[in-house]
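Trainee: Before I ask anything, here is the structure I am working with.
The values are calculated or read from the model by the stated rules, or taken from the named source; none is laboratory data. Nothing here was measured: the structure is a model prediction, and the numbers come from that model. Note: ideal-geometry Cβ built from the backbone for every residue, glycine included; neighbour counts use all protein chains shown.
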Amino acid sequence: MARYTGPKSKIARRFNEPIFGPDKALEKRAYGPGQHGPNKRRGGKKSEYAIQLAEKQKAKYTYGILERQFSNLFEKASRMKGITGENLLQLCESRLDNTVYRLGISPSRRGARQLVSHRHITVNGEVVNIPSFTIKVGDVVGVREKSKSLETITSSLASTSKKYDWLDWNNSELAGRFLATPAREMIPENIKEQLIVELYSK
């Protein structure tokens, strides 16, 4: 399974955002990585292309999607009705690994991807081990019966407090229903999707 496995703090510092969750390194050094520290010469004005590219990279790292997958998602989004940028983020949110993360079954998308790959997650009662699997409205995402006592899952559910309007969680069954495709204002990620659209439109 192809995925980004490099240093997380370095990426978070590059975008000055906790992309992979709370990060002490980001809190201590809220500037880009590099041996010369916050060098003033690097703080020059960025080109339009550089800004657009950085936004695409931020979206890719946030959702844990590699270049080809992301490009394919954009193509799909551009063929759908509606605003392409919003469609793109909605497709990212509809991925199985992201839904597992949003439901609180895992504290991170990386952890959610691992749970899916290791066959701990079901969709409508059937085990699905493809992190990029697209969840549709009405689908029920749950924890496989044999995996319900896994410490990593129980501790994550015990510590999560975030709720999302497009998801309904049933704690007694350890399963959640995908109620609706989230509107852009519901998605909390700090991503300027229009910049990504402009980049791909060149």
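Trainee: Spot the failing condition for GLN194; the list is (1) surrounded by fewer than 17 Cβ atoms within 10 Å (Cβ to Cβ); (2) out of contact with any helix residue (DSSP H, G or I) (no Cβ under 6 Å at 6 or more places or on another chain), and only one is missed.
Mentor: (2)
Trainee: Can you confirm whether the stretch 124-137 contains a residue that is in contact with a Pro (Cβ under 7 Å, 6 or more places away or on another chain) and either within 26 Å of GLU86 (Cα to Cα) or surrounded by fewer than 12 Cβ atoms within 10 Å (Cβ to Cβ) (or both)?
Mentor: Looking for residues that are in contact with a Pro (Cβ under 7 Å, 6 or more places away or on another chain) and either within 26 Å of GLU86 (Cα to Cα) or surrounded by fewer than 12 Cβ atoms within 10 Å (Cβ to Cβ) (or both), one finds none in the stretch 124-137, hence no.
Trainee: Can you tell me which residue within the stretch 158-176, out of those that are crowded, with 18+ Cβ neighbours inside 10 Å and not small (Gly, Ala, Ser), is farthest from TYR63 (Cα to Cα)?
Mentor: Per the criteria, the residue is LEU174.
Trainee: Given the condition closer than 21 Å to HIS118 by Cβ and in contact with a strand residue (DSSP E or B) (Cβ under 8 Å, 6 or more places away or on another chain), answer yes or no: does some residue in the stretch 179-199 qualify?
Mentor: Taking every residue of the stretch 179-199 in turn, none turns out to be closer than 21 Å to HIS118 by Cβ and in contact with a strand residue (DSSP E or B) (Cβ under 8 Å, 6 or more places away or on another chain).
Trainee: Sticking with this one: Restricting attention to the stretch 81-92, report how many residues are part of a helix (DSSP H, G or I) and free of Cβ contacts under 8 Å to residues at least 12 places away in the same chain.
Mentor: 1
Trainee: Let me ask something else. Tell me which residues, restricted to the stretch 61-116, are over 18 Å from THR160 (Cα atoms) and of a type in the set (Lys, Arg).
Mentor: Matches in the stretch 61-116: ARG68, LYS76, ARG79, LYS81, ARG95.
Trainee: Please work out if TYR101 is without any contact (Cβ under 8 Å) to a residue 12 or more places away in the chain, hydroxyl-bearing (Ser, Thr, Tyr), within 21 Å of ALA112 (Cα to Cα) and out of contact with any His (no Cβ under 6 Å at 6 or more places or on another chain).
Mentor: The answer is yes for TYR101.
Results for (1) closer than 25 Å to LEU195 by Cα; (2) out of contact with any strand residue (DSSP E or B) (no Cβ under 9 Å at 6 or more places or on another chain); (3) surrounded by fewer than 22 Cβ atoms within 10 Å (Cβ to Cβ), shown as yes or no for each residue.
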site: GLN57; (1), (2), (3): yes, yes, yes
site: TYR61; (1), (2), (3): yes, yes, yes
site: PHE70; (1), (2), (3): yes, yes, yes
site: LYS81; (1), (2), (3): yes, yes, yes
site: ARG95; (1), (2), (3): yes, no, no
site: TYR101; (1), (2), (3): no, yes, no
site: PRO107; (1), (2), (3): no, yes, yes
site: HIS118; (1), (2), (3): no, yes, yes
site: THR122; (1), (2), (3): no, no, yes
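Trainee: Among the residues of the stretch 47-80 satisfying the criterion of being of a type outside the set (S, T, N, Q) and outside any helix (DSSP H, G or I), which is farthest from ALA183 (Cα to Cα)?
Mentor: That would be LEU66.
Residue-wise test of (1) outside the structural domain of ILE83 (by TED's automatic domain parsing); (2) in contact (Cβ under 8 Å) with a residue 40 or more places away in the chain; (3) more than 25 Å from ASN72 (Cα to Cα); (4) of a type in the set (Asp, Glu).
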residue	(1), (2), (3), (4)
SER106	yes, yes, yes, no
HIS120	yes, no, yes, no
ILE135	yes, yes, no, no
ASP139	yes, no, no, yes
GLU151	yes, no, yes, yes
GLU193	no, yes, no, yes
